[in-house]
Every structure is written in structure tokens, then in C-alpha cells.
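Below is one structure, written out as C-alpha cells; comments come after it.
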Amino acid sequence: MEILLKNCSYILTQDNDRSILKNQDILIKDGKIQDIGQNLSNSGYVIDCKNKLAMPGLVNTHNHLAMTLFKGYGDDMPLDKWLSEKIWPAEEKLDADAVYNGTMLAFAEMIKTGTTTFNDMYFFCEKVVDAAITAGMRGFASYSMIDLNNPEKRISEIKAAESFISYLKSKDTQLVKTMVAPHAPYTCSRELLEESKKLAQKYDLKIHIHVAETMKEVNDTIKEKNMRPVEYLDHIGLLSPEVIMAHSCHLSKEEISLAAKRGVKVSHNPTSNMKLATGGTLSLPVYLDAGISIGLGTDGSASNNSLDMFTEIKVCALLHKFSNNSPEVASAQQVFDMATRGGAKVLGLDKEIGSIEAGKQADIVLVNLKDISMIPNHNPVSNIVYSANGSCVDTTIVNGRILMENRILKTIDEEKVTDKVNEFASTLV
Ligand SMILES: [Zn+2]
């Protein structure tokens, strides 16, 4: 199918030169951006983009999508108490249907706020794949493995991960992929981490893992292994350019150099870190100077509690300016990069998405320039980062398919999903 985005007032291409085009068309054909220019003709569907800004779809690099079910269920508690008293007992009640509906709610929120790519690690992943295919989202659904040093559990976790990989293969989808996802170095045995590496090599997959989220994790690792978490992961040979470390809040200078040397990617989750008070977060200028690729993530809805990447972008910029006592740190362009082309690079999708250029997949978001937050328009990148929010998004396109137009979802029955989620929520009380 052909789609012509006619006369876009602005196009934030996010190409290598960060070109901003005015009054140009984008022609989409067979899921790809075919051409960008003036007065392009087409034989398909036309969207009038006067007073619209086109930008690459936002890339969310760390999710537990179905945790939308627990949004607002437990807040303002210490992390260990929050997990043991609220989240883990609630997760006991999850079944495949609940995960499907919670994931659909997440996709509805993401599409409505301009996110086109996710990176999930959770349970009942078959349902995450089914939901993603129905919703038309691009991303990674991964089975989160935890063995807590139990050898039997280790075997069953690897088995479950492999069986999920074959399920995904049977689905014949180009948009949904998977990674190997050992939960964290403190919840997985050394053997499980080593098995994870083998599994990733066997199926040519990336590894998605939480690392150094809290100071407690760092101190416990030092006590148990006489090494810090990243040193430990390197010691067992896990670190490589195929590894995405979520959080990575507490890395020593040596660990930052090590991560850069190994080509490890980082998913930065500023809102979640602040809400859970993880004892600080990563130092953005130091990591960027070291040459580490960083994307932005919201983490799960229970610790955010929003999946709106516009908010995440703003929080990221403000947090690093404030903590460095410098307004020059985390510029609007830098954080916008992290949410688009940077996130694409972290996920290994930079050849396909992350910018609006001919030949790339058509993951494009149209922002309403008549929204008050976008007026006046001295600098569209500044408005996107500091002023806009997800409700400014008018249209969301993934792989050349329109998932939302004029704020109406095309692939998700919003009322049905919200009813199902409310039904599940009532069982938690
Ligand atoms: Zn997480």
C-alpha cells in the first residue's frame, strides 16, 4: 500500500546531519520510505500534513509491558518492600489472558504517545507476540529468566526460553523479534548467565539484562563475588556489543571504560530510577564521553507510571541538567537522539529505523503543530523535548501501516482493552 504524507510543515529527519525539512512530502511504499521531496505523486492514501510535524517513531528500549496492570497499585514504598508485598504477589495472579490485555493496554498507550518500537522482558511472552502482531508494533518480546541459584529452575527457564523462541519462529513476523533475557546478575546463577550466552550465540540473538540498578545490588555483588556487577559479567565472558544493560546506574570509572571497550549498549530509565530512588542514576555526560550507545526506556508501568516517551525525554534532560548543575548538559537534540536514532542503535535496528530517510522502514509519527504546546515554533526540537507531551501525537505509522490517525486507534479496540484491564484490576483488591 502507498501512503503519501502530503506537505509536512516540518520533518525532523534525525539523519546524520539532523536535517529539518519544511513543506515536503514523504512517500511510503511497501512499508518503507520511498521518497522525500516536494510535489510527490502517488496512487494510494493521502494524509494532509499541513500543520503537522513528522518525526521518527520513538524507541522505548526497556519494558515490562503487562505491568500496566499494576500501574498505581503500589507506590511510594522502598524497592524490596514494594516487590515483596505488592508486585510479586500481584504477579502470582497473572495468566496468559491478563498479560495479553495488559500488553495491549501498553501498546494503546504507546501508539497514542508516538512510540513505535518496544523492548519487553516478561512472562507469557507468546501473548506479547500475539498482541504486538495484532497492534502492528515493532519490537522485541523476550522471556525473563530467573533461577535464584536453583539448578532445576535453571533447566526449566532455559527450556521455556527456547520453547518461546520456536513459538516466535512459527509466527512468521518481521516486526517482532526476541532477545535472550536473563533478569539480572543477582537473580540469575553464573551457570544461567553462561547458558544465556550460549543460547544467544546459538540463535544469533542479543542479550537484555538489568545491571547495577541499585547500590544494594552493587554492594551485595562485591560482598559475594569480590567484584562489581559489570566486572563480574565481564569476568564470566558475558559482555559484548550484543548486550543491552538496563539501568546501569552505578558503574565505577573502570566499569564505564570496560562497558565502552566491550561495546555494551545501555538503556537509561531516568523516571523509574527516580521513582524507586535507586540511590542515583548513570552520569549521562560521562557515559556519552566514554562512547557508550544509550537509549531511553520507561521500564514497567508500575515504576514510572507512564509509557509516554515525551515525558521520559523531558525528565532525562532535566535530571541531568539538575544533577550536573549545568543547563548545557543533556541538550534537547542529545535526548531527542537517545529516544530515536540512539534507541534504534541500542536495539541493533539503526539500519532500519530511527530516522526519516529514503530506504528506511516507515516508522513515522505526526505531531499536531496546532497544539498549544507547539506554539510558537521557534525551535521544533525544543518544543518536542521541553513542551510537548504524547497527546500532541496525531498519527502513528509503523512499517507503513497506520496504527492511529487523528488520535483514533486503528488496530486496537480501546474500549474492549480497557474493560478487560479494569476487570483484572478488580481481582487485585
Ligand atoms: Zn526493568
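Within region 323-349, residues that are farther than 20 Å from residue 245 by Cβ and outside the structural domain of residue 121 (by TED's automatic domain parsing) reach no partner that is among the small types (Gly, Ala, Ser) and open to solvent by 10 Å² or more (accessible area, probe 1.4 Å) with beta carbons closer than 8 Å at six or more positions or on different chains. For the criterion of being surrounded by fewer than 14 Cβ atoms within 10 Å (Cβ to Cβ), outside the structural domain of residue 19 (by TED's automatic domain parsing) and assigned to a loop (DSSP other than H, G, I, E, B), residue 426 fails.
In a residue-by-residue description of region 268-279, the property of being modelled with pLDDT under 95 and of a type in the set (Ser, Thr, Tyr) applies to at least one position.
Of all residues in region 33-81, those satisfying the criterion of being touching a residue at least 24 places away in the same chain (Cβ under 8 Å), farther than 27 Å from residue 112 by Cβ and of a type in the set (A, V, I, L, M, F, W, C) are 40, 79. Residue 390 falls short on exactly one of the conditions (1) open to solvent by 20 Å² or more (accessible area, probe 1.4 Å); (2) under 30 Å from residue 86 (Cβ atoms); (3) small (Gly, Ala, Ser), and that condition is (1). If you check residue 281 against the conditions, is it open to solvent by 30 Å² or more (accessible area, probe 1.4 Å), in a loop (DSSP other than H, G, I, E, B) and of a type in the set (S, T, N, Q)? Spelling it out, residue 281 is indeed open to solvent by 30 Å² or more (accessible area, probe 1.4 Å), in a loop (DSSP other than H, G, I, E, B) and of a type in the set (S, T, N, Q). Within region 396-414, the only residue that satisfies the criterion of being of a type in the set (Lys, Arg) and under 21 Å from the mean Cα position of the chain (by Cα) is 401.
The conditions are (1) within 16 Å of the ligand (Cβ to nearest atom); (2) at negative phi; (3) buried (at least 24 other Cβ atoms within 10 Å of the Cβ), and residue 275 fails exactly one of them. Which is it? For residue 275, the failing item is (3).
Here is the figure for region 368-409: residues that are under 29 Å from residue 1 (Cβ atoms), in contact with a Ser or Thr (Cβ under 9 Å, 6 or more places away or on another chain) and free of Cβ contacts under 8 Å to residues at least 40 places away in the same chain total 2. For region 131-155, the candidate set comprises residues that are hydroxyl-bearing (Ser, Thr, Tyr) and surrounded by 24 or more Cβ atoms within 10 Å (Cβ to Cβ); within that set, the residue that is nearest to the chain's Cα centre (by Cα) is 142.
Within region 40-49, one or more residues are within 29 Å of residue 347 (Cβ to Cβ), modelled with pLDDT of 95 or more and surrounded by 19 or more Cβ atoms within 10 Å (Cβ to Cβ). Being open to solvent by 70 Å² or more (accessible area, probe 1.4 Å), at positive phi and within 26 Å of the chain's Cα centre (by Cα) holds for only one residue in 30, 17, and it is 30.
Mind listing whichever residues of region 156-198 are part of a loop (DSSP other than H, G, I, E, B) and either under 27 Å from residue 231 (Cβ atoms) or open to solvent by less than 70 Å² (accessible area, probe 1.4 Å) (or both)? Can you show your working first?
First, the residues of region 156-198 that are part of a loop (DSSP other than H, G, I, E, B): 171-175, 178-179, 183-189.
Listed by number, the residues that qualify are 173, 175, 178, 179, 183, 184, 185, 186, 187, 188, 189.
On the stretch given as region 78-87, residues that are open to solvent by 10 Å² or more (accessible area, probe 1.4 Å) and either of a type in the set (S, T, N, Q) or at pLDDT 90 or above (or both) total 3.
Before we move on, is residue 103 open to solvent by less than 10 Å² (accessible area, probe 1.4 Å), in contact with a Ser or Thr (Cβ under 7 Å, 6 or more places away or on another chain) and within 16 Å of the ligand (Cβ to nearest atom)? Break it down into steps so the answer makes sense when it comes.
Values: open to solvent by less than 10 Å² (accessible area, probe 1.4 Å): yes; in contact with a Ser or Thr (Cβ under 7 Å, 6 or more places away or on another chain): no; within 16 Å of the ligand (Cβ to nearest atom): yes.
Considered against the rule, which asks whether it is open to solvent by less than 10 Å² (accessible area, probe 1.4 Å), in contact with a Ser or Thr (Cβ under 7 Å, 6 or more places away or on another chain) and within 16 Å of the ligand (Cβ to nearest atom), residue 103 comes out as no.
The values are calculated or read from the model by the stated rules, or taken from the named source; none is laboratory data. Because the structure is a prediction, the values reported are computed rather than measured. Methodologically, a virtual Cβ is constructed for each residue, glycine included, from the backbone with ideal geometry; neighbour enumeration extends over all protein chains shown. Quick note on the areas: whole protein, heavy atoms, side chains included, nothing else; ligands and nucleic acids left out. Shrake-Rupley method; radii C 1.70, N 1.55, O 1.52, S 1.80 Å.
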